[in-house]
Amino acid sequence: MKIVVISDLHSNFDALSALPELGDELWVLGDLVNYGPMPSEVVSFVRSHSKIVSRGNHDHAVGFDVDPRCTPRYAEMADTTMQYSKANLDQDATAYLRELPLAHVLERDGHRFYLCHAIPSNPLYGYCPEDSDLWRKELEQVDAEFLLVGHTHTPFVRKVGAQTVVNPGSLGQPKTGKADACYAVWEDGKFQLKQFEYPVERAIQRIQQLPVPHDIRQDLAKVLRTGSV
C-alpha cells in the first residue's frame, strides 16, 4: 500500500494539481485555505480525492470566523487572505472546513497512525519543531506507532523510542529555503520525504491579482519564491 501525506496546502492549487502521485490513499493534515489565491479549487480537489482530512487552524478560522492565531510576521497576511478565502468559498465548502475532525486514528497494514494538524495536546495551534523536547510528552498521549503532523511547514522524520513523528512539510507554502513543494509517502513499512518543482511563478501571478494590499502580495510572493520570509 502506498499512502501520500500532504499538509498546509494554503490555497495553492498550482502546487496541489502538480502533485506527482496520489497513492492508494491521500491523507491531508490540514490548512487547506488562506495565504494562496485558489481556496475553492483546493477544497474541491481535497474533497474529491481524500476521505482522511484533519482540520488545521486556518480551516478552523475560516469555518468559524475566528483568528487563526498566526505569528506576528504572518498575522496580517493571514487576516487579509482569510477575508478573500471566506468570500470565495460557498456555504457548503465553509461547512466542510468547519466539520473536519481534529484528529484521526487509523490502522493500515498492521501499523497504527495518529493524525492531527499541530500536536495531540493542541491540535490546532501547538507549535513543535523537529528538535523540541516536547515530542516525548506528546507521544505519551498517542497510542500509535506513527504520529503525523503538519503546521510548521518544515519536513522531518524523528524517531522517539518506539514511536516516530512525521511532518511532510508544506505543499502550498514550504519553509525550507527553496520553492519546492513538500510531501511524504508511506510505502513498504516506512516513510520517505519528497519534494517536487511546480509552476511557482504561475501561482505568484495569481497572487498578484488578489484584491489585497501590494505589500501583502509581495510578502506572499517572496515566501513562495524563497521558502522563507
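The values are calculated or read from the model by the stated rules, or taken from the named source; none is laboratory data. Nothing here was measured: the structure is a model prediction, and the numbers come from that model. Here the Cβ is made from the backbone with ideal geometry for all residues, glycine too, and neighbour counts use every protein chain on show. What goes into the accessible areas is simple: the full protein's heavy atoms, side chains included, and nothing from ligands, DNA or RNA. Shrake-Rupley method; radii C 1.70, N 1.55, O 1.52, S 1.80 Å.
What the table below lists for this structure:
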quantity	calculated
Hits in region 156-184 (condition: part of a loop (DSSP other than H, G, I, E, B), on the phi < 0 side of the Ramachandran plot and either among the hydroxyl-bearing types (Ser, Thr, Tyr) or touching a residue at least 60 places away in the same chain (Cβ under 8 Å) (or both))	Pro168, Ser170, Leu171, Gly172, Gln173, Thr176
Filtered residue count, region 88-102, keeping only those that are in contact with a Gly (Cβ under 7 Å, 6 or more places away or on another chain) and either at pLDDT below 95 or surrounded by fewer than 21 Cβ atoms within 10 Å (Cβ to Cβ) (or both)	2
Total residues in region 103-155, condition assigned to a loop (DSSP other than H, G, I, E, B), open to solvent by less than 30 Å² (accessible area, probe 1.4 Å) and free of Cβ contacts under 8 Å to residues at least 40 places away in the same chain	7
Restricting region 195-205 to residues that are closer than 14 Å to Leu16 by Cα and either of a type outside the set (A, V, I, L, M, F, W, C) or in contact with a His (Cβ under 9 Å, 6 or more places away or on another chain) (or both), the residue that is surrounded by the most Cβ atoms within 10 Å (Cβ to Cβ)	Tyr198
Qualifying positions in region 65-89 - over 21 Å from Met38 (Cβ atoms) and of a type in the set (A, V, I, L, M)	Val66, Ala75
Sole residue being closer than 26 Å to Met38 by Cβ and in contact with a Phe, Trp or Tyr (Cβ under 9 Å, 6 or more places away or on another chain), chosen from Leu147, Leu193	Leu193
Among (1) more than 14 Å from the chain's Cα centre (by Cα); (2) small (Gly, Ala, Ser); (3) surrounded by fewer than 17 Cβ atoms within 10 Å (Cβ to Cβ), the one test that Ser85 misses	(3)
Qualifying residues in region 59-74 (those that are open to solvent by 30 Å² or more (accessible area, probe 1.4 Å) and within 21 Å of Leu29 (Cα to Cα)) - the one modelled with the lowest pLDDT	Thr71
Some residue of region 206-221 being without any contact (Cβ under 8 Å) to a residue 60 or more places away in the chain, in a helix (DSSP H, G or I) and of a type in the set (Gly, Ala, Ser)	yes
Qualifying position, being under 15 Å from the mean Cα position of the chain (by Cα) and surrounded by fewer than 17 Cβ atoms within 10 Å (Cβ to Cβ), among Ser11, Ser50	Ser50
Considering residues of region 24-47 that are touching a strand residue (DSSP E or B) at 6+ places or on another chain (Cβ under 7 Å) and in a loop (DSSP other than H, G, I, E, B) only, the residue most open to solvent (accessible area, probe 1.4 Å)	Asp24
Those residues of region 156-178 which are among the aliphatic types (A, V, I, L, M) and surrounded by fewer than 20 Cβ atoms within 10 Å (Cβ to Cβ), in sequence order	Val157, Val160, Ala162
